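No value in this document is a laboratory result; all are computed from the given coordinates. None of the values given here were measured: they were computed from a predicted structure. Methodologically, a virtual Cβ is constructed for each residue, glycine included, from the backbone with ideal geometry; neighbour enumeration extends over all protein chains shown.
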Amino acid sequence: MKALAFNEFGGPEKLKLQEVPDPKIGPDEVLLRVRACALNHLDLFVREGIPALKTPLPFWSGCDIAGDVAEVGTAVEDVKVGERVAVNPSLTCGRCEFCQQGEDSMCVRYGILGEHEPGGLAEAVKVRASNILQLPDHVAYEDAAAFILVNLTAWRMLVTQAAVRPGEDVLILGVGGGVSSTAVQIAKLCGARVWVTSSSDAKLERARALGADECINYTKHDWAKVVSEKTARRGVDVVVENVGASTWKQSLRSLRKGGRLVTCGATTGPIGETDIRIVFWNQLRVIGSTMGNRKEFDSVMTQLFRGRLKAIIDEVVPLKDGAAAQRKLAEGKQFGKIVLRP
Ligand SMILES: [Zn+2]
């Protein structure tokens, strides 16, 4: 089969649509013909090389996958060839104390398809049968692929970890990103008033169309000051962070007493300044979040199937143009997801 693989680590120019061995499935696995695979920053990190992973080369990433079942392992029941499916990208051991509690993304051997195993930037991919979910006929492959990872992540952040309640103020930083943009519609579904920041008026307009109430261009205004003024110095109930170093200090300052900061990333750097006095005096909670568990995957996919949440797609391009697509993602020029089609 063909895959958008790299033979050495580095920039997007290392990607080549090349012939690689067909995946061989085990008894509890299925082989999927990939119909759509969305890009994530994870694809860039894997291509650039993550030293701790010892990724075997050639390798191809891709964790947001929708496709058709092409082959079924001998021990797999209730899955038929030809079924349209979406893939939960979580790889778990199934045995540790956290797996026993259903906390997949806390598994001591947690991995992600396309990071720890070859992924969906190829014509075919093998996955454990327990990781697939049947797609209703009305849901397009591109929408499903674009939806999975960012919504799984944002759903756990907002619904499970921060437990956003109706009427709360939720501030989402850097709204162009995949998690941040869909967090807008999830926060609205929770009944929140949504605040967003971006450097781009065009991205703020897109966020407004998704339901954002207060849109702040941080190149024109001091966003923390705007939040403080417009809430009469109270602050917001929840801050949704994945920006990191450049916003962390102000994120903590923007919370009301007893407010919650939930973070899933640190795009601008991992070391942020924390004034500990603000944390204890204002009784703040800082909550980390990564990916999600099977229950959250099922819950959030159901919202897509029922039309309550939408896939936010920047563009759909052929797999062979994946290098240019990854370059665009690295430059942050997109709003929502870039989807590749083999
Ligand atoms: Zn485990």
Self-check item: Counting all C-alpha pairs of the chain, share separated by more than 32 Å (%)
Solution: 29 percent
Quiz item: Ser246's amide H: which non-local residues (gap 5+, or another chain) put their own amide H closer than 5 Å, with H modeled 1.01 Å from N in plane and none for Pro or chain starts?
Solution: Thr268
Self-check item: Centroid-to-centroid separation of the range 191-212 and the range 69-108 [C-alpha atoms, Å]
Solution: 35 Å
Quiz item: Based on Cα positions only, what radius of gyration and what Dmax would you give for the range 258-333, in angstroms?
Solution: 18.4, 54
Self-check item: Angle between the chain longest axis and helix 178-189 axis [Cα atoms, degrees, rounded to 10]
Solution: 60 degrees
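Report the relative contact order of the range 31-190, percent, no decimals, based on alpha-carbon pairs under 8 angstrom and at least 6 residues apart. Spell out each step's value before the answer.
On the way: 253 pairs, mean separation 41.7, N = 160.
Once divided by the residue count of the range 31-190, the mean separation gives 26 percent.
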Quiz prompt | Tyr141, Tyr110 arranged by Cβ crowding within 10 Å, fewest neighbours leading | solution = Tyr110, Tyr141
Quiz item: Percent antiparallel among DSSP beta bridges with both residues in the chain, to the nearest 5?
Solution: 55 percent
Practice problem: Using the structure shown, select from Lys16/Lys126; Lys257/Lys337; Lys225/Lys328; Lys203/Lys295 the pairs with a Cα to Cα distance greater than 28 angstrom. | Solution: Lys257/Lys337; Lys225/Lys328; Lys203/Lys295
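Any chance you could run the full-extension gain for Val79 through Asp28? It's 0.36 nm times the residue separation minus the Cα-Cα distance, nm to one decimal. If you can, show how the numbers build up before the last one.
Values: separation 51, 0.36 × 51 = 18.36 nm, distance 1.10 nm.
The Val79-Asp28 span can extend by a further 17.3 nm.
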Exercise. Add +1 for every Lys or Arg and -1 for every Asp or Glu among the other residues with Cβ under 14 Å from the Cβ of Asn217, and state the total.
Key: +1
Quiz item: Separation between the Ala330 and Gln101 pseudo-spin-labels, each 7 Å from Cα along Cα→Cβ, expressed in nm?
Solution: 3.9 nm
Quiz item: Once the dipole of the range 209-283 is set up with Lys and Arg at +1 and Asp and Glu at -1 on Cβ about the Cα centre, which of Ala266, Gly211, Leu252 lies farthest towards its positive end?
Solution: Leu252
Quiz item: If R0 is 22 Å, what FRET efficiency do you get for Ala202 and Thr268 from their C-beta distance, rounded to 0.05?
Solution: 0.60
Quiz item: Just for the Cα atoms in the range 1-92, what are the lengths along the principal axes, largest first, rounded to whole Å?
Solution: 41, 27, 22
Quiz prompt | Packing-based order for 22-28, 285-291, using average beta carbon neighbours within 10 Å, highest first | solution = 285-291, 22-28
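Starting from the Kirkwood Rh over alpha-carbon pairs, what translational D in µm² s⁻¹ does the range 85-158 have by Stokes-Einstein at 37 °C and 0.692 mPa s? Mind dumping the intermediate values first?
Working: Rh = 13.5 Å.
Roughly 243 µm²/s, to the nearest whole number.
Restricting to Cα pairs below 8 Å that are 6+ residues apart, what does the relative contact order work out to for the chain? Please round to a whole percent.
Details: 787 pairs, mean separation 65.2, N = 342.
The value is 19 percent.
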Self-check item: Karplus-derived 3J(HN,Hα), 6.51/-1.76/1.60, for each residue of the range 228-235, Hz, glycine and proline x
Solution: 4, 5, 6, 9, 6, 6, 6, x
Self-check item: Sequence ranges 61-74, 320-333, ranked by mean other-Cβ count within 10 angstrom, highest first
Solution: 61-74, 320-333
Quiz item: Measuring from the lowest to the highest alpha carbon on each principal axis, how far does the range 169-212 reach, largest first, in angstroms?
Solution: 26, 16, 15
Self-check item: Vicinal HN-Hα couplings computed from phi for the range 313-324 (Karplus, 6.51 cos²θ - 1.76 cosθ + 1.60; Hz; Gly/Pro x)
Solution: 10, 7, 7, 10, 10, x, 3, 5, 9, x, 5, 5
Exercise. Classify the range 120-168 as rounded, prolate or oblate, taking a ≥ b ≥ c as the square roots of the eigenvalues of its Cα gyration tensor: rounded when a/c is under 1.5, otherwise prolate if a/b is larger than b/c and oblate if not.
Key: prolate
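Run lengths n ≥ 4 of DSSP H only: what is the helix-derived mean residue ellipticity at 222 nm for the chain, with -39500 (n - 2.57) per run over all residues, to the nearest 500?
On the way: 10 runs with 89 residues, N = 342.
Mean residue ellipticity, 222 nm, calculated: -7500 deg cm²/dmol.
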Self-check item: Karplus (6.51, -1.76, 1.60) ³J(HN,Hα), θ = phi - 60°, over the range 335-341, in Hz, Gly and Pro reported as x
Solution: 10, x, 9, 9, 10, 9, 10
Exercise. Given the options Ala192, Ala266, Ala311, state which has the largest fluctuation in a GNM of the chain using a 10 Å cut-off (strictly under) for Cα springs.
Key: Ala266
Quiz item: Can you pull the semi-axes for the range 205-331, root of five times each eigenvalue of the Cα gyration tensor, sorted largest first, whole Å?
Solution: 30, 19, 17
Quiz prompt | Gaussian network model of the chain, Cα within-10 Å springs - most flexible of Gln101, Gln161, Gln134 | solution = Gln101
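Relative contact order of the range 192-307: what whole-number percent is it, with Cα pairs under 8 angstrom and at least 6 residues apart? Walk me through the intermediate numbers first.
On the way: 169 pairs, mean separation 20.6, N = 116.
So the answer I get is 18 percent.
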Exercise. Would you mind listing how long the range 295-338 runs along its three principal axes, going by Cα atoms, in whole Å with the largest first?
Key: 34, 20, 18
